[in-house]
Amino acid sequence: MEVFIQQLTNGLAVGGIYALIALGYTMVYGVLKLINFAHGDLFTLGAYLGFTILVSFGLGGRIGVGPAVALGVMLVMGLSALAGHIMERAAYRPLRKSGRLSAVVSALGVSIFLQNAIMLVWGAKGLAYPADLLPRFVIPIAGQPVPLLRLVVFLTSILVMVGLYAFINRSRVGMAIRASAIDQGAAKLMGIDVRQVIALVFMIGPALGGLAGLMVGVSYGQITFFMGQLYGLKAFTAAIIGGIGNIPGAMIGGLLLGLVEAFGAAYVSVAWKDAITFFVLILILVVRPTGLLPERVAEKL
Amino acid sequence: MRITAVLGMILGLGLAVPQCFAADRAPVRIGVMAPVTGEWASEGQDMVNVVRLLAEELNKNGGAGGRLIEIEVGDDGGDPKTAALAAQRLVSAGVAAVIGTYGSAVTEASQDIYADDDVLQIGTGSTSIRLTEKGLPLFFRTCPRDDDQGRVMARHIKALGFKKAALVHDNSSYARGLAEEVRALFDDQSVAVVFYDAITPGDRDYSTTLTKIKTLNPDLIIFTGYYPEAAMLLRQKKEMAWEVPMIGGDATNNLALVDIAGRESAKGYYFISPPGPSDLTGEMSEAFMAEYQARFKTLPSSVWAVMAGDAFKVLALAIENVDQPTGANLARYLHNDLKDFVGFTGPIAFNEKGDREGDVYRLYQVDAEGRFVLIP
């Protein structure tokens, strides 16, 4: 039982991170049918921006830990969104009229550019968020000590995802996004500025990715300029498992992936963790080729 | 050049000053294959810095036996595939010898390429046993081997009184080799190995693994992989409020370990390693470390970069003492004639396999201030 509870919380925390990143893949795919391969690197960027804001500027020492984290989260999300916007303007918008393949190549280019830029700006040596950045608490759940931070990561990601879901389904802007996802031409005829919708999607996704990067930095400490590769791949997998283009699907896919990893490591073998994960991916795709929650034409996203 | 030679001959006639014609000898190109980028970039950049600094100094003083040394850097990215490309690039650049590299798997990917082209190679951080068991006549290393390390580690674990260990590696050829070595030494049940498995390097979350190990209740965790993962294990172990001691191998001898883990979590961590840069004794080492400090504002973060310096030193000596600096000639010198040479990390001589002779491993522990303290 001890193992079960611990691994459950481990899996949910990791899964929450995967889900947050997966949302970026899935939203962009939903609207543009483009796999944004640079998304994992925007996640890395978020982790590094967080490091600069929280650690290098020593924000916590100046305005207290609570406000520093709140401000840090907002700044990281804002700057990641800005980076995402610049990326869309520079690398994707000029290619809107050319084939989808060119956009994919452009995405790979942005990914390589971002990785190397991060390496050159912050250095090739990994950085480490200090362990005492946040006070560490352990709270008992069913008699088991669970680090509070792990729950905070999980709850934050759930909160953000629910917020996003409500935004997409309840607000007028959300309706515009959904309309653009279903049929861009018709959306234009209805007076929706599709270009702005796309720009918005490319800001929301990176903001969430940047937040995930910050949370990984704060909770696990070490950040490296290539960490986006592995997380990007896992999150992409999560988006596929959930049915790419579908927002609740990305959330479910992310959490499922985190749990499969944790329990695979716990009850089968640590070394086979990734093999098990991708075996599950294959299994799901064999049974449901479009993922768990395939995008339905009528209510895509 | 030719005019200088003629002048030299005329002027030096009867005087036979060796430097005069020595200045005419063609420069020798030496490759440094190092992970300048990638996960081990910190190691690789230090390696290049050390070798560049030494080469500059040597060239200022007239080179090795009158031959200037040109340094050519090949970035292996800490990755076997990239290493094969880097090796081919260095070979086509016409290097006579190559210093490097850090990871054993990476070195292994490049060995045959150098061997095929008569290029001498001196590994600097590659401790996997296999590398020198292949009978390659042009391969040497200034670092010790994993079986030395495994023996010393097992000896210390027994001496410290541990009885029940969890053994964790990361499936790299270095970490796996060391783990197998240590496990074999515990076959006599002097220490029970209750867990034996690998983690994935590059992951951020190891709490699943730690949680699993905790249920087996070992009194020691042995991790044979590299410092980024060791640091993450220490940090996450602390977060679980689990106080079990941990011991690691020489790949965790890097000051970044404490940065990543935090002092609190790193405190009490044991590792087996050759003496670190700040523990090197002897006039030459101290002088060089001071110069390095002055130039780069910090010491090399691990001893492996210093091993690259040792490799450069023995190479320079070999180049000075052979007629033609071909791989075979240099190797003959290193095998047969290199005796009683004292490098930065102690006496250096090579046995017939190309391994360094003598015992260099020590036991270290991290103290409350995050310093690496040599335990006698």
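The values are calculated or read from the model by the stated rules, or taken from the named source; none is laboratory data. These numbers come from a predicted model, not from an experiment. Glycine gets a Cβ as well: all are built from the backbone with ideal geometry, and neighbour counts include every protein chain shown.
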Among the numbered criteria (1) crowded, with 20+ Cβ neighbours inside 10 Å; (2) modelled with pLDDT of 90 or more, which one does B:Lys267 miss?
(1)
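Results for (1) of a type in the set (Phe, Trp, Tyr); (2) surrounded by 24 or more Cβ atoms within 10 Å (Cβ to Cβ), shown as yes or no for each residue.
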{"position": "A:Leu164", "(1), (2)": "no, no"}
{"position": "A:Asn169", "(1), (2)": "no, no"}
{"position": "A:Phe202", "(1), (2)": "yes, yes"}
{"position": "A:Gly205", "(1), (2)": "no, yes"}
{"position": "A:Gly217", "(1), (2)": "no, yes"}
{"position": "A:Gln222", "(1), (2)": "no, no"}
{"position": "A:Gln229", "(1), (2)": "no, no"}
{"position": "A:Thr237", "(1), (2)": "no, no"}
Return the residues of the range A:92-117 that are closer than 16 Å to A:Gly40 by Cα and touching a helix residue (DSSP H, G or I) at 6+ places or on another chain (Cβ under 6 Å); say none if nothing qualifies.
A:Ser106, A:Val110, A:Ser111, A:Leu114, A:Gln115
Is it fair to say B:Pro325 is farther than 24 Å from B:Arg155 by Cβ and buried (at least 20 other Cβ atoms within 10 Å of the Cβ)?
yes
Of all residues making up the range A:141-159, the number that are surrounded by fewer than 20 Cβ atoms within 10 Å (Cβ to Cβ) and at pLDDT 80 or above
8
Given the conditions (1) out of contact with any His (no Cβ under 6 Å at 6 or more places or on another chain); (2) under 23 Å from B:Pro277 (Cβ atoms); (3) not in a helix (DSSP H, G or I), and given that B:Leu363 satisfies all but one, which numbered condition is not satisfied?
(1)
Count of residues meeting criterion [hydrophobic (A, V, I, L, M, F, W, C) and either on the phi > 0 side of the Ramachandran plot or within 10 Å of the chain's Cα centre (by Cα) (or both)] in the range B:299-334:
7
Can you go through A:Gly40, A:Gly30, A:Gly16, A:Gly60 and tell me which one is more than 30 Å from A:Arg93 (Cβ to Cβ), within 16 Å of the chain's Cα centre (by Cα) and assigned to a helix (DSSP H, G or I)?
A:Gly16
Mind telling me which of the residues A:Gly228, A:Gly264, A:Gly254 ends up being without any contact (Cβ under 8 Å) to a residue 60 or more places away in the chain and within 14 Å of chain B (Cβ to nearest Cβ)?
A:Gly264
Are there any pairs with C-beta distances below 9 angstrom linking a residue in the range A:282-299 that is closer than 15 Å to A:Tyr29 by Cβ to a residue that is surrounded by 15 or more Cβ atoms within 10 Å (Cβ to Cβ) and modelled with pLDDT under 70, with the two at least 6 apart or on different chains, and if so which?
A:Glu295/A:Leu301
Tell me which of these A:Ala117 doesn't satisfy, since it passes every other one: (1) of a type outside the set (Asp, Glu); (2) closer than 30 Å to A:Gly61 by Cα; (3) more than 22 Å from the chain's Cα centre (by Cα); (4) surrounded by fewer than 16 Cβ atoms within 10 Å (Cβ to Cβ).
(3)
Give the residue, chosen from A:Leu108, A:Leu95, A:Leu71, that is over 21 Å from A:Ala207 (Cα atoms) and more than 14 Å from chain B (Cβ to nearest Cβ).
A:Leu95
